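Right, one structure below, let's go through it.
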Amino acid sequence: MPISQPEPCDLLLLPKWIVPVRPVAQVLSQHFIAVSAGRIVAIAPRSELHNYRAAETVELAEHVVLPGLINAHGHVAMSLLRGFADDLALQDWLAQHIWPVEFKHVNADFVQDGALLGIAEMILSGTTCFSDMYYFPEVTARACRDVGIRAQIATPIFDAPSAWGTGIDDYIKRGLALIDDNRHSDLISVVFGPHSVYAVSKASLQRVATLAAELDIGIQIHLHENQAELIQCQSAEQCRPIELLETLGLLSSKTQCVHMTTLNDADIARLKRTGASVIHCPLSNLKLASGLSPIAKLHREGISIGLGSDGAASNNNLNLFLEMRQAALLAKLSSNDASALLAADILTMATLGGAQALELDEHIGSLEVGKAADIIAVDLSAPSCQPVHNPLSQLVYACTGKEVSHSWVAGRCLLKDGQLQTLNLSSTLVAANTWRARLSPHSE
């Protein structure tokens with residue numbers, strides 16, 4: 001009988017632990033991952049390692065390997081506004097500070113430099129896919145392709161003019177062009193991003209709903225962001241924001257509802273009935289005093305939940321490890337139940353839950369044979385992570401993001417031994433500080 005030859009592959013990962021995310025709470029030891037042509041081809045016991053011959057083998061002796069984190073909502077170019085206007089209520093923060101400075105300064109160069117700064121931060125802290133809603137989305141999409149990170153681009157829609165568009169017709173025209181330009185991209189997906197029920201009229205929202213249905217694409221929208229939005233909608237429309245969205249035909253399994261505070265039982269029932277997903281942004285909600293999203297209750301009802309950072313101007317970081325910990329602790333406190341959400345539940349929200357919300361779960365969000373090799377390695381050897389009784393607990397409650405040592409997207413290495421491989425960090429930081437001098441009233 002002829003001796004079988006090892007199967008060639010591009011990459012072998014040999015970690016101490018593997019957390020595939022699906023099945024929930026599973027932790028594998030003494031296993032390896034084989035990657036070929038950007039996809040996972042094997043997750044198997046080390047005893048089967050002889051069946052593979054790799055172009056590259058990475059030993060990860062004290063590491064846990066897991067799916068790359070998915071930041072399901074943000075405004076990445078706003079990294080240049082980190083710390084620009086802090087300690088303000090949402091409506092004042094937006095209307096009196098953020099929107100005016102954006103109208104004056106935001107252009108394609110701002111978005112390019114801000115996107116690269118935010119992307120660098122996300123890769124360094126374990127994010128391999130993010131959703132972005134901001135002006136000049138074609139620039140952000142190009143930056144993602146150049147760096148090699150995966151992204152959902154929510155093409156922004158307002159009624160008011162901005163640096164990027166003159167009004168609803170222009171926003172839609174530009175959004176449709178962006179959809180066409182990225183139709184065959186392996187890294188970039190595009191959805192509509194109407195800002196909110198207070199920044200987009202009912203007629204415009206109905207147009208978006210019609211187009212989204214015709215094109216079979218998703219919608220991401222800020223919804224139930226705070227009590228003020230709720231009061232405004234009830235006063236103007238005699239209904240709650242989520243009710244208005246359903247009436248306009250905008251609430252479906254393809255709708256990604258960002259923030260979702262101030263919910264009652266009827267709101268939750270609408271989410272469950274329509275299949276809409278929730279993007280929870282705990283740190284931004286806290287910083288802007290927007291309110292709490294009842295994610296423990298949403299989880300019990302089977303509603304898909306992803307985690308997002310929001311923009312660095314309202315957070316002030318894009319670090320999903322910090323969001324995981326905060327989400328877990330808030331759920332425990334708000335429900336008065338320390339077991340309301342387990343570490344494995346929170347990790348699922350930061351990975352597979354985000355992928356499901358973005359309709360990318362066939363490709364990413366868990367480590368499974370056939371899925372894209374979007375993978376991160378987290379080094380648990382530091383004193384702050386020792387001893388390791390349960391890798392899942394360390395990931396959610398002990399890690400800060402600095403423990404991420406490696407990152408791959410579709411098998412391409414973006415981070416190796418803590419060093420960015422596809423993005424020039426030095427020039428990115430120089431550009432960021434150039435913008436600080438232009439933007440900040442406190443600059444020297």
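Based on Cα positions only, what radius of gyration and what Dmax would you give for the range 69-357, in angstroms?
My reading of the Cα-based Rg and Dmax gives 17.3, 49 Å.
Starting from 0.36 nm per residue, how many nanometres of slack lie between Leu286 and Asn433 once their C-alpha separation is accounted for?
50.2 nm
Give me the angle, in degrees from 0 to 90, between the Cα long axis of helix 108-124 and the longest principal axis of the Cα atoms of the chain, rounded to the nearest 10.
Between the helix axis and the principal axis of the chain, the angle is about 40 degrees.
If one takes the longest principal axis of the Cα atoms in the chain, at what angle in degrees, from 0 to 90 and to the nearest 10, does the Cα axis of helix 202-215 lie?
Helix 202-215 sits roughly 30 degrees off the main axis of the chain.
Let's see if you can work this out: charge +1 on each Lys and Arg Cβ, -1 on each Asp and Glu Cβ, no other charges. What is the dipole magnitude of the chain about its Cα centre, in debye to the nearest 20? Before the final figure, lay out the partial values.
Details: 31 positive and 45 negative charges, 71 e Å.
The calculation lands at about 340 debye.
Count of lysine pairs in the chain with Cα atoms under 27 Å apart, counting only pairs 8 or more residues apart in sequence or on different chains?
Close lysine pairs found across the chain: 22.
In whole percent, what relative contact order does the range 243-310 give with Cα contacts below 8 Å and a gap of six or more residues?
Result for the range 243-310 is 34 percent.
Relative contact order (percent) for the range 69-357, with alpha-carbon contacts under 8 angstrom and 6 or more residues of separation?
About 21 percent, as a whole number.
Suppose only helical runs count, i.e. DSSP H with n ≥ 4. What mean residue ellipticity at 222 nm does that imply for the chain under -39500 (n - 2.57) per run, divided by all residues and rounded to the nearest 500 deg cm²/dmol?
-9500 deg cm²/dmol
³J(HN,Hα) across the range 181-189 via Karplus (A = 6.51, B = -1.76, C = 1.60, θ = phi - 60°), whole Hz, x for Gly/Pro?
5, 10, 4, 10, 6, 7, 9, 10, 10
Any chance you could give the angle, 0 to 90 degrees and rounded to 10, that helix 320-335 forms with the longest Cα principal axis of the chain?
For 320-335 against the chain, the angle is about 70 degrees.
Among 61-67, 112-118, 260-266, 284-290, how do they line up by average Cβ neighbours within 10 Å per residue, starting with the highest?
In descending order of packing, they fall as 112-118, 61-67, 284-290, 260-266.
Could you please rank Ser314, Ser29, placing first whichever residue has the fewest other Cβ atoms within 10 Å of its Cβ?
Neighbour counts put them in this order, fewest first: Ser29, Ser314.
Which distance in nm do the two modelled labels at His389 and Leu425 give, with both placed 7 Å along the Cα-to-Cβ direction?
3.4 nm
When DSSP beta bridges are limited to those with both residues in the chain, what percentage is antiparallel, rounded to the nearest 5?
Approximately 40 percent, going by the DSSP bridge assignments.
Could you state the number of Å between the C-alpha centres of the range 233-258 and the range 267-296?
14 Å
Rule-based calculations on the coordinates, nothing more; no lab input. Remember, predicted model here, so these are calculated numbers, not experimental data. Please note: Cβ atoms are built from the backbone with ideal geometry, for glycine as well, and neighbour counts cover all protein chains shown.
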